[in-house]
1. Hey, can you rank 209-221, 545-557 by average C-beta count inside 10 Å, highest first?
2. Quote the charge dipole size of the chain about the Cα centre in Debye, to the nearest 20; the model charges only the Cβ of Lys and Arg (+1) and of Asp and Glu (-1).
3. ARG441 to GLU241: extension gain in nm, 0.36 nm per residue of separation minus the Cα-Cα distance?
4. Rounded to two decimals, what is the ratio between the C-alpha radius of gyration of the stretch 169-223 and 2.2 N^0.38 Å?
5. How long are the three semi-axes of the equivalent ellipsoid of the stretch 154-196, in whole Å, if each is the root of 5 times an eigenvalue of the C-alpha gyration tensor, listed from largest down?
6. Starting at the first residue of the stretch 164-179, write each ³J(HN,Hα) from the Karplus equation 6.51 cos²θ - 1.76 cosθ + 1.60 with θ = phi - 60°, in whole Hz, x for Gly and Pro.
7. Which residues among the stretch 142-183 fall inside the zone where the amide N is under 12 Å from a point 7 Å beyond the Cα of GLU786, along Cα→Cβ?
8. What aspartates and glutamates sit close enough to LYS105 to cross-link, taking a C-alpha to C-alpha distance under 12 Å and skipping anything fewer than 8 places away on the same chain?
Amino acid sequence: MAKLVTLTIDGIEVEVPEGTLVVNAAKKAGIDIPVFCYHPKMDPVGMCRMCLVEIGRPVIDRATGQPVLEADGTPRIQFNPKLETACTTPVSAGMVVLGASDKAKAGRKDILEFLLTSHPLDCPVCDKGGECPLQNLTMSYGPDQSRYLYEDKIHFAKHIPLGGLIFLDRERCIQCGRCVRFQSEIVDDPVIGFFQRGRALEIVTYSEPGFDSYWSGNTTDICPVGALTTADFRFRSRPWELRAAASICNQCPVGCNLTFNVRREAVSGGKWVVKRAMPRQNEAVNEIWICDKGRFGYHYAAQGDQRLTQPLVRRDGDLLPATWEEALSLVAERFGQAGDSLLTLAGGRLSNEDLFNLRQFSHALKGQTRLYSDMGGGEFTCQLGFSPGTNLGDLGKGSLILVVACDLEEEAPIWRLRVKQAVQRGATLIVLNPRPTKLDRAASQSIPYPFGSAAASLAVMLGEAASDDLAPIQPALAAAAKAFAAASDAIILYGSEGMGLVETTTLARSCARLLQITNHYGRPNNGLLGVWPRANDQGAWEMGYQPAADLGAALQAAGALYIVAADPAGDDPAYQAAFGGEKFVVVQDLFLTQTARLADVVLPAQSWIEREGSYTSGERRVQRYYPALQATTALPPRATSPGSNRAQVLTALKPTLEGPQADYTIPALIAERMNLTEKLVSTSPAAVFARLAQEVAVFSGLSYQSLSEVAEQWPIVGRGDLYYGGATYENTQGLGVQLPLAQGRSVDAAPPAAALKLPKLGLMAFPITRLYDQGTTLLPTGLLHERIGDPYVVLNAEDAGRLKIRDQSMVRIIFADQEGGAVVRVRLDAGLPERVILVPRSFGFPIHGPTPVEVKPAN
């Protein structure tokens, strides 16, 4: 613990750790000192001088080293004749700070007058109006008129696209440097910077395409003026017109806390619409940042024109609109006939409540449940995963982080930031991956293993096997194993880089064995973290869902299929063979996917923006989200005539279902028509969660109330003070609760995994993950189309030469058992080994793991 010192700020005595900056000490005491350039997440620079204060320090007797006392016994205070910057000055014992004195106020007034000399006074048309620190501080501290001649104002270009997502107004920029420092210090992505000097200073982008960063939207949150705005919000609304709804991002397993801003508008026909997504503070999850996929990728759920709005039933070969009663009655009848031959296939973007009710429904019929995923190992993250109290923000000196088979920047960007910050605090980072990643910059050791050798590399670290293929890296692996064992705390993050279900399961077992042998589990800041492809995959594993070892065979063998939030036929045409014939297929989704087109009944579901629920993040933290938009779920009760009998009256009083329904509600509605209501609850998501907490041991004791609890966080941010922490929302709706570890932690040894042998002839395709893909949840966001790009594959330069393929040319790639193949663009990479070709997931390629392929020029 740091030594505490006592000082006085504006007459209030404050006790803070030694080394605390004056501006932060004041904030902790509830005293606001205005800032522009300073941000509590970044190093101080003292550029804007807005935080000027008077500072006095005790006079020290040089002979005795003791404070000189006044006649009344109090220390004599000597004030600096000049004002000092509160953002660069650390506190000291006995210090006296005056931030509300006339001298300090005069200094701030002068600074604001300088800033406004060439700043356009266009607040009524500025997007930042209503949440602008410059506007607010000018009203509080600034001059009431300008002494500067209008003719001497310097005018700059306006509405400059720094990239497809962010616009710059150079006239409004006050050169505080927050955006530049954020990109350099926080995310290690210095793609923007200062250009020119003096009054000609301006922000420019160095990348192609412009502002090529996954984090660009955060610069608009921390910009203290209207210089940086997002393309999807600028000129669309005013801050005071917006309502805020707390939510959780469902684009990856991090579980970033969001706030959706919504309003009702005439241009949308009087409907409530989402205008923007903003970060919500949770220092244990995403701090106050979100990536651009989470910021801009909500459009599929909020304003998707292709959303399903009513059930569809197949009649005479065509899917035709039907009422909910018709569709539910048919599904109940056919599922009742299927009984234990029912297979429920659930996707990882479903909430805990959805997954639980689907499980209850399937088990009531003695059917099977399966998770739609190509990544395994969840049984080990349940047993040796993160336990309560684990926080990546607490890792530092003495801690070790091992990242295996994962490109965190592409798979879970926030976790890359938090791992990098842990390294800056003194943690050791070891990266094992078959190709370089951005995380290598922060690593103490970066060990490149051959493609297909992730589990074999862990076996070498465990001392359970040796491999000639890994001989060049065995000394590095041995050193990594020694460092891992010696660490006071250690965590492992494993992903699915270049692997499928079988390989990731084997890798997860090896990771769990390493944690178990070195005793790095069962206590805070130790354990295994799966970097899952979807937001609630961990929640599914906690409830007993597992992927099918052979999904095609499982689909083929089932007598009836209930597919929810998954599109297997769209991801791989080979699965289409399992549909048709006498098999009864029900698809429950947001869109008419390829799988839905093959179904007998299609049921429209609500998006997570339109309802309540909860997700379990990869860190095993259960978090609650709230509705941002209200979906139409039922029509009012029908009118009855005076002569109606009791049965007619009861039927009429029952609301008529209309529009999409929540995913947890639909299986309960089916169960109601099958007299299985004792197994399912559908009155509210809170009621479903309460039943979940009773039935699933690791959720025991949790409730919506416990998920909604909050505690004080540092830094103190909130929209009551927009200049200190930016436009991030304060968290008043819940920080979430981490689950305890499941019982049965012992992980038995398995036969050592062998390294995958590459073919002597031909190529082996390995799947990789890109943050911006062509998945159903991202394509509706038109803003990102330029960044998503067209499908492509990555090939070694030597293989390309042998095949007479040029960089950026079109090639035909043919997967095993696939006719015709696909024509895509090829990118050459001299760093790839021979016989290896990289294929991005969710770009239309039917790839689930390492797969032999044939590649040839398209022409």
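The values are calculated or read from the model by the stated rules, or taken from the named source; none is laboratory data. This structure is a prediction, so every number in the text was calculated from the model and none was measured. Counting neighbours? That spans all protein chains shown, and the Cβs are built from the backbone with ideal geometry, glycine included. Heavy atoms of the whole protein, side chains included, go into the accessibility calculation; ligands, DNA and RNA do not. Shrake-Rupley method; radii C 1.70, N 1.55, O 1.52, S 1.80 Å.
1. The packing order, highest mean first, is 209-221, 545-557.
2. Numbers: 83 positive and 91 negative charges, 132 e Å.
In debye, rounded to 20, the chain gives about 640.
3. Values: separation 200, 0.36 × 200 = 72.00 nm, distance 4.34 nm.
Result for the pair: 67.7 nm of gain on full extension.
4. In units of the globular-protein estimate, the stretch 169-223 measures up at 1.06.
5. On the way: eigenvalues 78, 34, 12 Å².
After diagonalising the Cα gyration tensor, the semi-axes are 20, 13, 8 Å.
6. So the Karplus estimates, Gly and Pro as x, are x, 10, 10, 10, 10, 10, 5, 5, 8, 5, 10, 6, 6, x, 4, 5 Hz.
7. Within reach of a label on GLU786, which here means backbone N under 12 Å from a point 7 Å along Cα→Cβ, the stretch 142-183 contributes 160-168.
8. By straight Cα distance, LYS105 reaches GLU54.
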